[in-house]
Amino acid sequence: MRKINFENHFTVDRDSSEPVYQQLVEAVLYATKTGLMDRGDRLPSINELSRQYSVSRSTIEKSYSDLRDMGILASQHGKSFYINRLDPLPGLKILVLFNQLNEYTKTIFDALTERIGQKAEIDFHVYYNSAAHFKALVKRKQSSYSHIIVIPHFLDDPESGYQAMERLPKDKLIILDKEVPGLSDCFGTVSEHFGQDIDQAIRELAPSLRKYQCINLIFPAHTHYPDTLADAFARACVTRNLVCRVSPDLTKAMIRDGEAFIVLSDEHLMFLVREIINSTDLVAGRHVGIVSYQDNDAKKAMLNGITTISSDLKTMGKSAADMILTGVSRHIANPFSVVLRRSL
């Protein structure tokens, strides 16, 4: 069994954005594909590589673990690692179909890919909220994948999009973000329960909301949020004796003393913030209240802090990955949180 001199194949690039463990994995995969390493070749121990490259043992352990999961490496007595095969094991191949590419979907996708690591091949496509585009993608691609992950938002023809999803193999399907009405349920889901979440948010924020004469939910006509959210918002306000209004758009005339706003889109949030900044009479959190969906770093600083209602998007991506890696489909209610800041 030939022992590999690893310095011939691998150099740590400490300026790279790619983690060191991933650099090592890629170096071994390249060497097996190009013939620089062959079956039976023995690799240095974890301790040897840790000392040689001045990196932690856990880094080397993660690299070797990923390579072992792919079938590339095997071990003798848990210590000596050798090349077991030259190509990764066939198996997990994931088709990801998201309705759009933005900070929201990017956070989910990054968490998914980080959790999956090198254990699967991932093919990512955006269908731009179009049922027709979605149907074309799944018709052309679905047969070659072990799993299909979908965020289902069809603004042009929801019924047609949901029918296309109904035809997908349910043992392959994982639905993220929202539940699909009428779809048979032998598949995995990680969903937001919008009605329950807004009810809990109004309950937690009620002490701060009571100083406003009216609570406005800005609910655009074309939005991926379900109508159940608006209905649940109205019920939650009535239950707590809060005057409320649901409006499809936000206008300058609406922004006045005694009004609070829950905005779903960052576009409406920025309009609201600009109007308050340009006003000499209105102060956020005193005259006008603001609550925004989905927290980020900008909202922490904006107007000394925007109150937010957020779904845990990283957990959503990780939960989908865990279902794939364990082979167990589940229905998971994604966690969410309310952060009270000075805008309310």
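The values are calculated or read from the model by the stated rules, or taken from the named source; none is laboratory data. Please read these numbers as outputs of a predicted model, since none were measured by experiment. Counting neighbours? That spans all protein chains shown, and the Cβs are built from the backbone with ideal geometry, glycine included. Side chains are part of the model used for accessible areas, which takes the heavy atoms of the whole protein and leaves out ligands, DNA and RNA. Shrake-Rupley method; radii C 1.70, N 1.55, O 1.52, S 1.80 Å.
Some values worked out for this structure:
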item: Size of electric dipole in region 289-344: Cβ of Lys, Arg +1 and of Asp, Glu -1, about Cα centre, debye, nearest 20; result: 140
item: Helix-only [θ]222 nm of the chain, DSSP H runs n ≥ 4, -39500 (n - 2.57) each, per residue, nearest 500; result: -12000 deg cm²/dmol
item: Karplus 3J(HN,Hα) series, Hz, for region 40-56 with 6.51 cos²θ - 1.76 cosθ + 1.60 (x for Gly, Pro); result: x, 5, 9, 9, x, 6, 4, 5, 4, 5, 4, 5, 4, 10, 6, 10, 5
item: Nearest-10 value in Å² for the accessible area of Ser143, using the 1.4 Å probe; result: 100
item: All lysines inside 22 Å of Lys318 as judged from Cα atoms, apart from same-chain residues fewer than 8 positions distant; result: Lys62, Lys93, Lys106, Lys119, Lys170, Lys172, Lys178
item: Percent of alpha-carbon pairs separated by more than 13 Å within region 206-257; result: 61
item: With all protein chains modelled, accessible area of Glu121 [1.4 Å, Å²]; result: 110
item: Region 220-344 - Rg over Rh from alpha carbon coordinates, Kirkwood radius; result: 1.04
item: For Val291, distant residues with modelled amide H under 5 Å away; result: Phe261, Ile262, Val263
item: The chain: antiparallel DSSP beta bridges as a percent of all, rounded to 5; result: 20
item: Added length on full extension, which subtracts the Cα-Cα distance from 0.36 nm per residue, Glu179 to Ser208; result: 7.3 nm
item: Cα gyration tensor shape for region 1-142, rounded if a/c is under 1.5, else prolate or oblate; result: prolate
item: For region 63-140, diffusion coefficient by Stokes-Einstein and Kirkwood Rh (Cα), 25 °C, 0.890 mPa s, µm²/s; result: 165
item: Solvent-accessible surface (1.4 angstrom probe) belonging to Thr32, in square angstrom, nearest 10; result: 10
item: Phi to ³J(HN,Hα) by Karplus 6.51 cos²θ - 1.76 cosθ + 1.60 over region 151-163, Hz, x for Gly, Pro; result: 9, x, 10, 10, 7, 7, 8, x, 4, 5, x, 5, 5
item: Matching label, Kirkwood radius over Cα pairs in Å computed from the structure shown, candidates [x] 24.0; [y] 23.2; [z] 24.8; result: [y]
item: Nearby aspartates and glutamates by direct alpha-carbon distance to Lys252 (threshold 20 angstrom, same-chain neighbours under 8 apart not counted); result: Asp266, Glu267, Glu275, Asp281
item: Interchain or long-range residues, amide H under 5 Å from Ile122's placed H; result: Ile94
item: Overall dimensions of region 103-187 as given by Cα atoms, namely Rg and Dmax in Å; result: 12.8, 36
item: Kirkwood Rh and Cα Rg combined as Rg/Rh, region 141-271; result: 1.08
item: Accessible surface, 1.4 Å probe, highest first, among residues Phe271, Phe233; result: Phe271, Phe233
